[in-house]
Amino acid sequence: MSFVEFENVSLRYSEGGPKAIEDVSLQIEEGEFVAVVGPSGCGKSTLMKLISGLKPPSEGYVYVNGRQVGGPLSIVGMAFQAANLLPWRTTLENVMLPMEIVEPYRGQLRARRKEFEEMAREQLKRVGLGGFEDKYPWELSGGMQQRASICRALIHKPRLLMLDEPFGALDAFTREELWCMLRDLWQQQPFTVILVTHDLREAVFLADTVYVMSKRPGRILVKRQIDLPRPRELEVTYTDAFSAHVHVLREAIGRVRES
């Protein structure tokens, strides 16, 4: 069985209501980087709720790590478009939050706090936030807040990282910097990634596989393998091979909007 597996999954948010997604089947291998694109309201975020156990399917089955999902999973880390850092906590304290909540770290926190704090400091250093551990969110730029948010999502070493448009609110230059940061984190310490995004360049630059979803109810219309060699530098985004992938995905989404 694949690391993440959907078998004919549909979801209604209310009994008798319209389907948010319909008859979705897909397989994601461990260590794979997947991006999901599609028009607004197509069910991209619904997929993430199903995988993380925040919502049960109305029909079908969702499996993660060989087990049927029946509730929130401790092996999952999540980051969103809004960094959602707690304003009364420093950067270090924000990154440490999962260690206070997720087992087995929660039960070990009192005895291993210094060790866990050192892990958080190392994680912050890896994303360019060394020296900002004692700053509060309002003292950080939007890009720095998002770096801290991704550190928080990764500090408990999840096997699956889910990202819901994490760079959507940032300017183009900061967004590209964070693409490279995420690329480096994933290559240094491989984990499975599911990225929801509206940015086709972002999807092609980062992902091994891109799924295109239909309008509501969301269905998988296209599965595109991205065969660009790794490691990928930003210069690849100016090549014909890169543009060809983006063009195919843009055409697919164009057909969705016209249908």
*asked:* Residues that are exposed (fewer than 15 other Cβ atoms within 10 Å of the Cβ), within 16 Å of L178 (Cα to Cα) and in contact (Cβ under 8 Å) with a residue 60 or more places away in the chain: does segment 197-219 have at least one?
replied: yes
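Give K55, K44 a once-over and let me know the one that is touching a strand residue (DSSP E or B) at 6+ places or on another chain (Cβ under 8 Å), among the basic types (K, R) and under 30 Å from V246 (Cβ atoms). Walk me through it before giving the result.
On the way: K55 fails: under 30 Å from V246 (Cβ atoms).
Unique residue meeting the criteria: K44.
The rows are residues; the columns are (1) in a loop (DSSP other than H, G, I, E, B); (2) surrounded by 13 or more Cβ atoms within 10 Å (Cβ to Cβ); (3) at pLDDT 95 or above.
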site	(1), (2), (3)
G70	yes, no, no
L73	yes, yes, no
A79	no, yes, no
A82	yes, yes, no
P87	yes, no, yes
N94	no, yes, yes
R110	no, no, no
F116	no, yes, yes
R121	no, yes, yes
*Working carefully through the options N94, N65, N84, find the one that is in contact with a Leu (Cβ under 9 Å, 6 or more places away or on another chain) and on the phi > 0 side of the Ramachandran plot.*
N65
*From the list R126, R152, which residue is buried (at least 20 other Cβ atoms within 10 Å of the Cβ) and basic (K, R)?*
R152
*Quick one: what pairs do we get from segment 104-122, first residue assigned by TED's automatic domain parsing to the domain that holds L92, second of a type in the set (A, V, I, L, M), C-beta under 6 Å, 6+ apart or different chains?*
Y105/M99; L109/M99; F116/M99; A120/L92; A120/V95; A120/M96; A120/I155
_Checking E30 against (1) over 27 Å from D184 (Cα atoms); (2) acidic (D, E); (3) in a loop (DSSP other than H, G, I, E, B): exactly one of these is not met. Which one?_
(1)
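Can you name every one of the strands (runs of 3 or more DSSP E) wholly within segment 159-259 that holds 1 or more residues which are aromatic (F, W, Y) and within 15 Å of A35 (Cβ to Cβ)? Step through it out loud before you land on a result.
Values: elements: 160-164, 192-196, 209-213, 220-225.
Of the strands (runs of 3 or more DSSP E) lying wholly inside segment 159-259, those with at least 1 residues that are aromatic (F, W, Y) and within 15 Å of A35 (Cβ to Cβ) span 209-213.
Return the only residue of M1, M48 being among the hydrophobic types (A, V, I, L, M, F, W, C) and assigned to a loop (DSSP other than H, G, I, E, B).
Values: M48 fails: assigned to a loop (DSSP other than H, G, I, E, B).
That would be M1, the only listed residue that is among the hydrophobic types (A, V, I, L, M, F, W, C) and assigned to a loop (DSSP other than H, G, I, E, B).
The values are calculated or read from the model by the stated rules, or taken from the named source; none is laboratory data. This structure is a prediction, so every number in the text was calculated from the model and none was measured. With ideal geometry, Cβ positions are generated from the backbone for all residues, glycine too; neighbour counts draw on all protein chains shown.
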